[in-house]
Amino acid sequence: MKFRNVLRIALGHLALYCFVVCYVFAGAWVFHQLEGENETELHDKQREYAMNLKKDVIAKLATTENVAEINEHLRMFLRNISNLHISLDNYLIFNEPTQIVPKRWTFPSSVLFSFTILTTIGYGNVTPHTQQCKVFLMIYGAFGIPLFLITIADLGRFSKTAIMALVQKVSKRELKKQSDEHLLREIAEVMLVAGLFVVFIAIGSAVIPLWENQLTYFDSVYFSYMSLTTIGLGDIVPRRMDFLLPTLIYITIGLWLTTALVEQLADVFRLVHYAGRQVTNVKGGSFYCSKPLSAKKQRRASQMSAPAISWMRPQEEARILDADASFPNIDA
């Protein structure tokens with residue numbers, strides 16, 4: 001292949017990856033704009049409401065010495081505060097008029113939110129409140145999720161080629177074109193990708209606590225598994241926004257490995273499923289293939305005469321069981 005063709009193909013893939021990155025940051029900017037100002041207004045309303053509740057309960061406590069009434073007033077106060085869905089830290093800040101409640105919808109947290117939407121992880125540590133943001137979120141995800149899946153699948157194709165080359169190099173011989181050899185090769189590729197996946201989590205889980213100080217090694221393993229499998233319960237989420245970039249890179253590579261592992265397992269199951277499946281309506285005999293033939297190929301096969309043929313792999317010549325018969329490759 002000419003260098004110009006290689007360069008054109010490489011630029012096409014790089015353009016896709018760059019577009020996905022820009023899509024994440026563009027979405028983060030919109031989310032930040034839609035929710036940032038609303039969050040400030042929400043904090044102001046919560047502060048006012050909490051201070052009114054505080055004044056009200058103090059006034060009620062000052063007018064009674066009955067223990068039961070005091071307990072009831074305090075119970076109602078705590079219930080009303082709980083309905084605000086604010087943390088204890090925020091409530092203490094509300095008591096200091098000069099202090100400002102830290103925002104959750106910062107630009108880095110918006111980037112993380114956009115990333116979790118495209119990857120379908122969905123930690124849930126921040127959620128949209130405005131109707132405009134919710135509408136944009138649905139539209140953003142409708143286009144972004146397939147785009148991200150296409151990008152991961154594109155990376156998976158390159159990884160599969162590299163893995164196949166590595167397996168063949170380790171075997172130190174050219175694999176024969178036989179179904180049993182093909183199955184063994186697919187199993188070897190699955191074991192290789194699974195091993196890389198486990199090692200990746202083990203190493204990454206040892207590195208993450210270097211900046212996420214609140215996480216133990218087990219917590220880090222748990223976070224990695226929940227993120228890379230896109231379960232994303234949200235009980236553990238990235239806290240250090242200044243280390244957001246390496247965290248997102250780690251998760252992206254992990255998602256790529258997860259996708260590669262699933263694809264390798266699918267290849268094995270597909271090979272086992274179609275192995276030995278008989279194709280009927282063939283003149284003069286029958287043969288077996290690793291996947292169903294199209295109608296066109298069946299018509300071509302029905303025009304030929306052959307006893308029994310074993311169809312081992314797509315794009316490979318049929319192996320004639322009867323040495324005296326001849327049968328051309330109809331899978332081409």
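The values are calculated or read from the model by the stated rules, or taken from the named source; none is laboratory data. Bear in mind that the values here come from a model prediction, so they are computed numbers and not experimental data. Methodologically, a virtual Cβ is constructed for each residue, glycine included, from the backbone with ideal geometry; neighbour enumeration extends over all protein chains shown.
Before moving on, here are some points about what is shown:
- Residue within segment 68-81 that is closer than 30 Å to Leu137 by Cα, assigned by TED's automatic domain parsing to the domain that holds Gln132 and at pLDDT below 85 present: yes
- Taking the criterion of being free of Cβ contacts under 8 Å to residues at least 12 places away in the same chain and within 20 Å of Ala266 (Cβ to Cβ), the residues of segment 114-157 that qualify are Pro146, Leu149, Arg157.
- Options Ile163, Ile139, Ile121: the member that is surrounded by 14 or more Cβ atoms within 10 Å (Cβ to Cβ), at pLDDT 80 or above and not polar (S, T, N, Q): Ile121
- For Pro238: the one exception among (1) in a helix (DSSP H, G or I); (2) at pLDDT 85 or above: (1)
- Failed item, numbered, when Thr63 is tested on (1) modelled with pLDDT of 85 or more; (2) under 30 Å from Ile251 (Cβ atoms): (2)
- Extreme residue, surrounded by the most Cβ atoms within 10 Å (Cβ to Cβ), among residues of segment 35-66 that are of a type in the set (Ser, Thr, Tyr) and either within 27 Å of Val126 (Cβ to Cβ) or under 40 Å from the mean Cα position of the chain (by Cα) (or both): Tyr49
- In the set (1) within 25 Å of the chain's Cα centre (by Cα); (2) of a type in the set (A, V, I, L, M); (3) loosely packed, with under 11 Cβ neighbours inside 10 Å, Ala28 fails one condition alone, (3).
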